[in-house]
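Values quoted throughout were computed directly from the atomic coordinates according to the rules given, and no laboratory measurement underlies them. Note that the structure is a prediction, hence the values are computed from the model and not measured. Heads up, the Cβs are rebuilt from the backbone with ideal geometry, glycines too, and the neighbour counts pull from every protein chain shown.
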Amino acid sequence: MNKLKVIGVISGVAAVLLSAPAAFALEDADAGVTSVRPSAVRSVATTTRNVKVETVREEAKARMEAQREETKNKMEAQREEVKAKIEAKREEAKAKMETQREKAKQRISDIRDKAKQQLADKLADQFDRLNKKWTDHFTERLGHLGDILLKMQERSDIAATNGKDTAAANAAIESARTAIAAAQTAVTAQAAKTYVLNAAAVTTTVATTTDIGQENLMKGLRTQFQSLHKALFNDLKALRDGAMKKADTAIRDALKTLGKIPDVDDDDDDSTDDSVQ
């Protein structure tokens with residue numbers, strides 16, 4: 001009986017001793033969980049915020065990409081429309097001046113020297129060809145500026161999704177867009193102009209069959225050609241130094257304004273983590 005009591009006491013002590021390490025282990029585990037839990041929660045919360053921010057950014061980028069594609073297609077359609085309009089204006093002007101053009105050819109045909117006659121014919125057509133060449137060049141230039149503007153808008157939109165202030169840049173871009181449109185209107189108007197010899201202004205005091213008549217004829221033609229050349233030169237110069245220059249300046253100003261945005265081209269995804277921590 002005493003042995004059983006001793007055994008019972010020993011068993012009880014053993015149970016207590018054996019349970020003590022387990023209890024200590026549980027306490028240590030609880031302490032570990034308690035010490036890790038706050039940082040783990042913060043990490044999960046930060047990750048969740050980052051995922052949400054990244055999702056919003058991706059959605060914004062998708063919308064911007066769709067808008068850019070729509071704008072690009074619209075610009076292409078507008079360019080084709082401008083080209084068609086310019087050609088229509090040219091044909092209309094050509095039809096209106098056809099009678100005057102025929103009179104000019106008849107006047108030039110009065111030149112007895114065939115070499116001079118061919119040269120005069122060539123000069124008579126040269127002014128309209130030059131006008132076409134330069135207005136086509138200006139149109140292509142404006143198309144190039146439009147492409148630059150599209151890329152600038154893209155950079156500004158990306159900067160906006162990264163939380164940058166793009167108000168000034170967008171205003172400058174819009175001003176450039178207006179300047180380009182104004183320049184295109186001016187180019188279209190210039191393309192519709194014609195530079196045709198005014199045969200009625202070429203007068204002679206005697207018949208052109210005489211030497212003096214030929215001299216008067218050549219002098220009159222020379223004066224008319226010089227007048228046409230001056231008119232064409234002045235018109236193209238006014239267009240180049242006016243509306244075209246304003247469009248170029250507006251693009252440069254917009255680029256400078258866009259460049260003032262801090263890290264405007266920074267599209268690093270790591271910036272999202274920094275912004276939310």
Please tell me which of these pairs span more than 26 angstrom C-alpha to C-alpha: LYS103/LYS193; LYS83/LYS151; LYS237/LYS260; LYS61/LYS83; LYS132/LYS237; LYS114/LYS193? LYS237/LYS260; LYS61/LYS83; LYS114/LYS193
Using alpha-carbon coordinates alone, the radius of gyration and Dmax of the stretch 182-230 in Å work out to 16.0, 52
Could you calculate the contour length gain from ASP147 to ALA181, that is, 0.36 nm times the residue separation minus the distance between their Cα atoms, to one decimal place in nm? 10.9 nm
Taking a point 7 angstrom from the Cα of ASP113 along the C-beta vector, which residues in the stretch 192-216 have backbone N less than 14 Å away? 211-216
Considering only GLN226, LEU149, ALA93, whose Cα is most displaced toward the positive end of the charge dipole of the stretch 63-276, charges sitting on Cβ of Lys, Arg (+1) and Asp, Glu (-1)? GLN226
From the square roots a ≥ b ≥ c of the eigenvalues of the alpha-carbon gyration tensor of the stretch 63-276, which class results: rounded (a/c under 1.5), prolate (a/b over b/c), or oblate? prolate
Place the peptides 223-236, 119-132 in order of packing, highest mean first, counting for every residue the other Cβ atoms within 10 Å and averaging per peptide. 119-132, 223-236
Run the numbers for GLU76 and LYS219: contour at 0.36 nm per residue of separation, minus the present Cα-Cα distance, in nm. 46.7 nm
Using the Karplus equation 6.51 cos²θ - 1.76 cosθ + 1.60 (θ = phi - 60°), what ³J(HN,Hα) coupling, rounded to whole Hz, does each residue of the stretch 69-85 give in order, writing x for Gly and Pro? 5, 5, 5, 4, 5, 5, 5, 4, 5, 5, 5, 5, 5, 5, 4, 5, 5
At R0 = 41 Å, FRET efficiency that the Cβ-Cβ distance of LYS132 and THR203 yields, to 0.05: 0.85
Shape verdict for the stretch 152-197, please, from the Cα gyration tensor: rounded (a/c under 1.5), prolate (a/b greater than b/c) or oblate. prolate
